[in-house]
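One structure is given here, and the rest of the page talks about it.
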Amino acid sequence: MSDTNRRGLLGLGLTAGLAAGFAADAFAQSATRGDAPTEGAVAKPAPEAKYRVPFAVIGMDHNHIYGITDAVIRGGGVLTAFYATDPKQIAMFRKRYGDIKLARSEQEILDDRAIKLVCSAAIPVLRAPLGIRVMRAGKDY
């Protein structure tokens, strides 16, 4: 084995060891901390969350939208609306978060001045264009 390959292998092993040793608090959610997403579990704002930020969801093509939504809620976010066209996605989202307003269009969310943040788990090719539209509407993404 050459020195270069040996160094690469050692570096990879060191990186993997460090990542495995991180405390659960270093991650957005953790089963050991009790806030990993589970079916039917609805996040609540953390007691230390100082502000309440109205936010919406557009694009639910990947299931990690639930982790994103829960993390924002724990940080003080107030889920105000969501937009989806797939009946299955709508049903699953409503089952988890209740009777949240289903926007008639993406534009309805972008035009709503009360919404300050938009979260998304759209398919990757759609994320950047959505982010640009969101930011042009004066919202965070």
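The values are calculated or read from the model by the stated rules, or taken from the named source; none is laboratory data. Source: prediction; values computed, not measured. With ideal geometry, Cβ positions are generated from the backbone for all residues, glycine too; neighbour counts draw on all protein chains shown.
Close Cβ contacts (under 9 Å, 6 or more residues apart or on different chains) running from residues in the range 98-115 that are in the same structural domain as Ala81 (by TED's automatic domain parsing) to residues that are at pLDDT below 95 comprise Gly98/Val42. Residue count for the range 63-85 under the criterion of being farther than 22 Å from Asp112 by Cα and over 10 Å from the mean Cα position of the chain (by Cα): the result is 1.
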